[in-house]
1. For segment 73-87, in order, what is each residue's ³J(HN,Hα) by Karplus, 6.51 cos²θ - 1.76 cosθ + 1.60 with θ = phi - 60°, in whole Hz (x at glycine and Pro)?
2. Are there chymotrypsin sites (Phe, Trp or Tyr not before Pro) in segment 98-178 that DSSP puts in a loop and that have at most 15 other Cβ atoms within 10 Å, and which ones?
3. List the pairs from K3/K190; K54/K124; K38/K86; K124/K244; K190/K246; K36/K157 whose alpha-carbon separation is above 30 Å, in the order I gave them.
4. Choose one answer from Q247, Q58, Q49: the residue with the largest mean-square fluctuation in a GNM of the chain with alpha-carbon springs under 10 Å.
5. Could you go through segment 169-183 in sequence order and give the Karplus-derived ³J(HN,Hα) for each residue, using 6.51 cos²θ - 1.76 cosθ + 1.60 with θ = phi - 60°, rounded to whole Hz, and x for Gly and Pro?
6. Binning at 5 Å from 0, report for segment 1-67 what percent of all alpha-carbon pair distances ends up in each bin.
7. Here are labelled values, (i) 36, 23, 20; (ii) 40, 28, 17; (iii) 35, 30, 15, and one is the computed semi-axes √(5λ) of the Cα gyration tensor in Å for what I pasted. Which one?
8. Would you please give the residues with an amide H less than 5 Å from that of Q55, counting only those at least 5 places away or on a separate chain, with H modeled from the backbone geometry?
Amino acid sequence: MNKFNVDEILNLITENGFADLTGIISDQQIDTINDKIKPAMDQPHSNGQRGYIKQGCQRYLADTLSYGKEIIDVYTNALLIEIAEKYADDIVHLSNYRIYSTYPSEDFKMWWHLDNKIDTYDFKNKAFIQQVVPDDKGLIFLMYLSNVVDGGVQLVKGSHKWSRNHNQESFDHMEDEFNDQVVTFNNCRKGTFIVYDYATIHRAKPYHGGQVRTSMFGQLSPSRMPTGEPILLNVRDISKLSEKQKQILSFGKDPTTLNWPIGDINAFYQPVESTPSIWSKLKTKFSTNH
């Protein structure tokens, strides 16, 4: 029996900017997803090897939706889509998506930001460009794939009601003004599932030690907004998709940007030892053995 009331969820998002849908995805499905992605999350995506793309203290799974229909079924969950389409008053599509792990860091601090914006990739300057669209109205979900003690998502309650009055992406400079409205999802079990208006100001709480947090993220945008990122599927799964799922995954439409992030390949390489250094070690080895 479905324990969620769609009207109540919509009222919560309208009032607070977010709602808790924990339980919408079963523990068994989450365990299956974790099993399928684990090898790839332990190796870099490079030179034909499928794995993660590194960005700061985070690892992002490349070709996210190709690892199993269990992942596709989260992004196209019928209840989630019903809520998103009623909230946006339009059909929706998956415009951005990630599975990623965040590692504790002394250096990285995510900025307070919103996501009612259009992303495009500037091929000439090799950079992503963001254009804030105040009237854009859609939903983001974040689901924990691991137990989270610290470093959880933080949302500014009610900020979706006023953030659209500011034509900007970052809100760090206003933190003192909304600090008493911050809701933090720490000390939460895997399967925690938060859905929020993507004009809600949010970030991941900075943390300096403890456990790695692995999460799944998806942005559902109305049809009037651009397609978004490319979606790559395994042919194994295509014949099992419903027409509704194909709509959500933008079948037959060109993407309007690239997948984010695009990592720096140098981050994966160790400094190459010079020939004199190698020769010095060989001389030491032979001197010792002979």
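Computed from the coordinates by the stated procedures, all read-outs in this text should not be read as laboratory data. Treat the numbers as computed from the prediction; the structure is a model and nothing was measured. Because the Cβ atoms are built from the backbone with ideal geometry, glycine has one as well, and the counts that use them run over all protein chains shown.
1. So the Karplus estimates, Gly and Pro as x, are 5, 5, 5, 10, 3, 4, 5, 4, 5, 4, 5, 5, 6, 6, 5 Hz.
2. Details: sites: Y100, F108, W111, W112, Y121, F123, F128, F141, Y144, W162, F171, F178; in loops: F108, W111, W112, F123, W162, F171.
Loop-located and lightly packed - W111, F123, W162.
3. Details: K3/K190 19 Å; K54/K124 22 Å; K38/K86 35 Å; K124/K244 36 Å; K190/K246 28 Å; K36/K157 35 Å.
Pairs exceeding the cut-off: K38/K86; K124/K244; K36/K157.
4. Q49
5. So the J values, rounded to whole Hz, are 9, 9, 10, 4, 5, 10, 3, 5, 7, 10, 4, 7, 10, 7, 10.
6. 3, 14, 17, 14, 11, 13, 14, 9, 4, 1
7. Among (i) 36, 23, 20; (ii) 40, 28, 17; (iii) 35, 30, 15, the one derived from this structure is (i).
8. For Q55, the qualifying residues are Y60.
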